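First the structure, in the form of structure tokens, and then the observations on it.
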Amino acid sequence: MRKLTILAVAAATATLAGCGEAPPMKTTQIGYRGTGQETVTNPRIANALRLVNGIPATPYALDPDTGGERAGHAYQNVKVLGDLSVDQFNHLMASITQWVAPPAQGCNYCHNPENMASDRIYTKVVARRMLQMTRNINANWTSHVQGVGVTCWTCHRGNAVPKNVWTEDPAVVAARDGQLKGNTRGIASAGHDSVKYASLPYDIFTPYLLGAYPIRVQAKVPVDGPEVPIKATEATYGLMMHMAGSLGVNCEYCHNSRAFGDWSQSRPQRVTAWYGIRMVRNINNDYIQKLSWAMPANRKGPLGDPYKVNCATCHQGLPLPLYGVSMRKEHPQLWGPVAKDVGGIGYPGVPLAAVPQANGQVPGLTAAAHTAAAPARRGTTDVPVAGKTAAAGAATPAG
């Protein structure tokens, strides 16, 4: 009997070890006692994350801008960073080379060495638009990124393409087209990292981070209210699993476990996340999708849509990307004038603590502002994307 007990304990220990979350774990209280608001972290995973979430040293120290010739005058075809001094411009180019370009290519990853002003290489066209996007985020999405902001390093971490990106799933699109062959309908199945391997619908990015499908769990009234089908409830749970996994947190990081749906009892992080979802939609629809024409096939998915972002693209396992450390002091060039955006640049004039209502509206925001700030609701992305990709406004959870 004693031998059987020892074997059972050993088997249980092996099973736990195989899950990758073997004890001991660390629990930290983040809310009032009795509400279950605690974060549970794995010290071993936390240590591993520290090794890959550092900030690189700048190529060289940047002197304060004391005036002088602007890059837009000194160089040809500078369409976004013309307000910078020559020194600021060159410093940022050296930094981007360090953050994004493969070492073997360096400056030539984006530039034609025989004509640095040329737009012949597609990566220069993409990089220009990404610089516009970064300045837009730092200027108009402080409701999510606060004063910390973002740089190219936040997502790229030395890679030409960020590690965590997504494209549409052919099997799910087959479901939308009514096909039977190869049609999984995006329903719950094992082995999908998008929902952290939970048994939930796995196509959550298309309806929620490209489209603007309502994020709902249940109706608040028994009749004559907005219907929340079961598939939408499960898909919402899938999105929450993605967000929790991307930030390395559990549900109570944003929600109060005694009343998950009540905004007045939620932590402030829930409002920050609400803005973050809309920021990601802005990035995917107004910057990445509209660059599809410039992207080669190896920068697109099987349906011809470009690689897009989600929560993991920036957060990479942390509640705050790069532990909340700002790179603004060393790289102020990315906090500059914003070129005219193509729409969806946030909610001007809305207080940071504004709480979205059940219908998705924000108090004090006019209907016109809502329309301008959420272009995905207007029907389609207005982008000619190769392949049978979904129109953002029409995307719904599969199943």
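Numbers below:
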quantity	calculated
The one condition in (1) crowded, with 16+ Cβ neighbours inside 10 Å; (2) touching a residue at least 24 places away in the same chain (Cβ under 8 Å); (3) not acidic (Asp, Glu); (4) not in a loop (DSSP other than H, G, I, E, B) that VAL40 fails to fulfil	(1)
The listed residue being more than 18 Å from ILE288 (Cα to Cα), hydrophobic (A, V, I, L, M, F, W, C) and crowded, with 20+ Cβ neighbours inside 10 Å, out of VAL150, VAL145	VAL145
Filter pass, VAL217 being closer than 28 Å to GLU38 by Cβ, over 18 Å from the mean Cα position of the chain (by Cα) and of a type in the set (A, V, I, L, M)	yes
Residue list for segment 234-265, filter: touching a Phe, Trp or Tyr at 6+ places or on another chain (Cβ under 8 Å) and surrounded by fewer than 21 Cβ atoms within 10 Å (Cβ to Cβ)	ALA244, CYS251
Selection count where residues are among the β-branched types (Val, Ile, Thr), in a loop (DSSP other than H, G, I, E, B) and more than 10 Å from ALA232 (Cβ to Cβ), scope segment 200-218	1
Test for TYR75: is it of a type in the set (Ser, Thr, Tyr), out of contact with any Phe, Trp or Tyr (no Cβ under 6 Å at 6 or more places or on another chain) and closer than 28 Å to LEU322 by Cβ	no
Search result, residues across segment 110-143 that are more than 20 Å from ASN285 (Cβ to Cβ) and of a type in the set (A, V, I, L, M, F, W, C)	CYS110, MET116, ALA117, ILE121
Residue that is nearest to the chain's Cα centre (by Cα), among those in segment 67-124 that are among the β-branched types (Val, Ile, Thr), farther than 18 Å from GLU330 by Cβ and part of a loop (DSSP other than H, G, I, E, B)	VAL80
Residue match in segment 181-196 (condition: in a helix (DSSP H, G or I), among the aliphatic types (A, V, I, L, M), more than 29 Å from GLN269 (Cα to Cα) and at pLDDT below 95)	no
Qualifying residue in segment 273-292 (condition: within 27 Å of ARG44 (Cα to Cα) and not charged (D, E, K, R))	yes
Enumeration of residues in segment 290-318 that are crowded, with 21+ Cβ neighbours inside 10 Å and either touching an Asp or Glu at 6+ places or on another chain (Cβ under 6 Å) or of a type outside the set (A, V, I, L, M, F, W, C) (or both)	ASP305, PRO306, LYS308, ASN310, THR313, HIS315, GLN316
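Okay, residues lined up against (1) under 17 Å from PRO296 (Cα atoms); (2) out of contact with any helix residue (DSSP H, G or I) (no Cβ under 7 Å at 6 or more places or on another chain):
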residue: PRO103; (1), (2): no, yes
residue: TYR109; (1), (2): yes, no
residue: MET116; (1), (2): no, yes
residue: TYR122; (1), (2): yes, no
residue: MET133; (1), (2): no, no
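The values are calculated or read from the model by the stated rules, or taken from the named source; none is laboratory data. Since the structure is predicted, the reported quantities are computational estimates derived from the model, not experimental observations. So basically every Cβ, Gly included, is an ideal-geometry build from the backbone, and we count neighbours across all protein chains shown.
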